[in-house]
Amino acid sequence: EIVEKLWLDIFLRRTLTAQLERVFSTKPDKSKYVSISKKMAQIWGFSDVEIDAFRYFVCQVRNEQHNPSLNKGLYIWSKKKQTGKTTIAKALVAILNGETTVQAGGAYESNLQREMQMNAHDLPLATISNAIFLDEAMPKDTYKTYGRVKSLMTSNTCVVNPKYQKPRTVPARRNYIITSNDDMRDFVQDDSERRFVEIRMEREPKQMSDDEVFKIWLDFAQNCEPENSTIDWYNTFE
């Protein structure tokens, strides 16, 4: 148990922090941020608000002292094929976990059952990652689970129950990017819900390699800067 605790709570977290520091070792440049944001809007058709939601998410993940009650998840969806939503999600979670390729983002894919610990011995990926990708994670019938999902989104710890050991509380970073073919309103029951920002992708972008996509999102993430007041910024999203 001592070895496991050292791995989860100290060594792995330090490794993630070191990887992230390497990725974000350059100072943000506002002019570069403006330029890359315009490029993203041209390629994927993002609105200013959607680009700002991505910026909020990046800053949320990078700030280890972020208040979890102000967490926002990104819900990227489209009825259309080939819009690039999965590649974008993988690229961004890869970057925010200190990785260097889109493919590496696959290691940070989880599911709602695991994150909600529906099985007794589940270890949420949120305990060992900075950001997580959930594909088609949300059930359409959320009558019994919606309240738990809302509570999950704004927590920063969880109780894990390793086999043959005592349960214990460990830190968890609930930074989720969800991709889906279904409208967010299919599972959000509360019209005033603020824990998720909807990003609807309708444009089929020009063909790009994974490396090109990764470079765009890396440039974006490296040049994101937070607003002075996180709570005021949080309240700008409806």
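Any read-out appearing in this document is the output of simple, stated calculations on the displayed coordinates, not a laboratory observation. No experiment lies behind these values; they were computed from the predicted model shown. Please note: Cβ atoms are built from the backbone with ideal geometry, for glycine as well, and neighbour counts cover all protein chains shown.
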Exercise for review: Return one number: the angle in degrees, 0 to 90 and rounded to the nearest 10, between the long axis of the Cα atoms of helix 12-23 and the longest principal axis of the Cα atoms of the chain.
Suggested key: 10 degrees
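Provide the net charge surrounding Asp211, with neighbours chosen by a C-beta distance below 14 Å and charges set as Lys +1, Arg +1, Asp -1, Glu -1.
On the way: positive: Lys90, Lys215; negative: Glu99, Asp210, Glu212, Asp219.
Taking every other residue near Asp211 into account, the sum is -2.
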Exercise for review: With both partners inside region 95-192, how many of the DSSP beta bridges are antiparallel, as a percent to the nearest 5?
Suggested key: 40 percent
Review point. Which trypsin sites (Lys or Arg not before Pro) in region 159-238 pass both tests, a DSSP loop state and at most 11 other beta-carbon atoms within 10 Å?
Key: Lys163, Lys206
Exercise for review: Return a whole-number percent for the relative contact order of region 42-193, with Cα pairs under 8 Å and 6 or more residues apart as the contact set.
Suggested key: 29 percent
Check your understanding: Ratio of the chain's C-alpha Rg to 2.2 N^0.38 Å, to two decimals?
Key -> 0.99
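Quick check: from the Cα gyration tensor, does region 49-125 come out rounded (a/c under 1.5), prolate or oblate? Walk me through the numbers on the way to the answer.
On the way: a/c = 1.43, a/b = 1.14, b/c = 1.26.
Rounded is the answer for region 49-125, as its axis ratio a/c remains below 1.5.
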Study note, to complete from the structure: Checked region 81-200 against the a/c 1.5 cut and the a/b vs b/c comparison, axes a ≥ b ≥ c from its Cα gyration tensor; verdict oblate
Review point. Taking region 135-217, which GluC sites (Glu not before Pro) meet the DSSP loop condition and have no more than 11 other C-beta atoms within 10 Å?
Key: Glu202
Practice item. Grab the DSSP H runs of the chain that are 4 residues or longer, score each as -39,500 (n - 2.57), total them, divide by all residues and round the 222 nm result to the nearest 500 deg cm²/dmol. Key: -11000 deg cm²/dmol
Review point. Taking the chain as a Gaussian network, where each spring joins two C-alpha atoms under 10 Å apart, which residue of Thr101, Thr169, Thr154 fluctuates the most?
Key: Thr169
Exercise for review: With everything on Cα atoms, drop me the angle between helix 30-44 and the longest principal axis of the chain, reported from 0 to 90° to the nearest 10.
Suggested key: 80 degrees
Check your understanding: Give me the log10 of I(q) over I(0) for region 57-102 at q = 0.14, 0.22 Å⁻¹, as the Debye formula computes it from C-alpha points; what are the numbers?
Key -> -0.43, -0.85
